[in-house]
Amino acid sequence: MGRAAEILGVTPGFLRGLDAAKLFVPQRSAGGHRRYSRYQLRLAHRARDLVDQGTALEAACRIIILEDQLAEAQRINAQLRTRLDQNPAQATEGG
């Protein structure tokens with residue numbers, strides 16, 4: 001956790017706050033230390049940016065979760081549009 005906090009320029013307490021706000025759940029090493037993925041570090045960086053702009057931590061986490069859900073929905077929508085474009089007969093058959 002200390003190294004992740006150092007990389008992000010935050011305190012370990014900030015990272016614990018992200019965990020408590022359920023932004024993400026870090027993996028644990030055999031010794032019980034938190035281990036963060038690159039994706040989680042990107043989320044933490046985004047949270048830090050929002051908090052630095054004056055957004056409350058809980059609100060920042062909610063914003064990030066909603067942004068992530070929106071991006072996923074847009075990705076799925078694009079995949080479905082591509083499928084329909086490749087086989088337009090399915091759209092008219094109700095399938």
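Each reported figure results from applying straightforward, stated rules to the coordinates on display, with no laboratory input. Every value quoted in this text rests on a predicted model; they were computed, and no experiment measured them. Reconstructed Cβ throughout: ideal geometry from the backbone, glycine too, with neighbour counts over all protein chains shown.
Looking only at the range 35-74, which residues are charged (D, E, K, R) and either over 17 Å from residue 9 (Cβ atoms) or in contact with a Phe, Trp or Tyr (Cβ under 6 Å, 6 or more places away or on another chain) (or both)?
35, 58, 62, 67, 68, 72
Among the numbered conditions (1) more than 19 Å from residue 1 (Cα to Cα); (2) in contact (Cβ under 8 Å) with a residue 12 or more places away in the chain; (3) over 11 Å from the mean Cα position of the chain (by Cα), tell me where residue 14 comes up short.
Exception for residue 14: condition (1).
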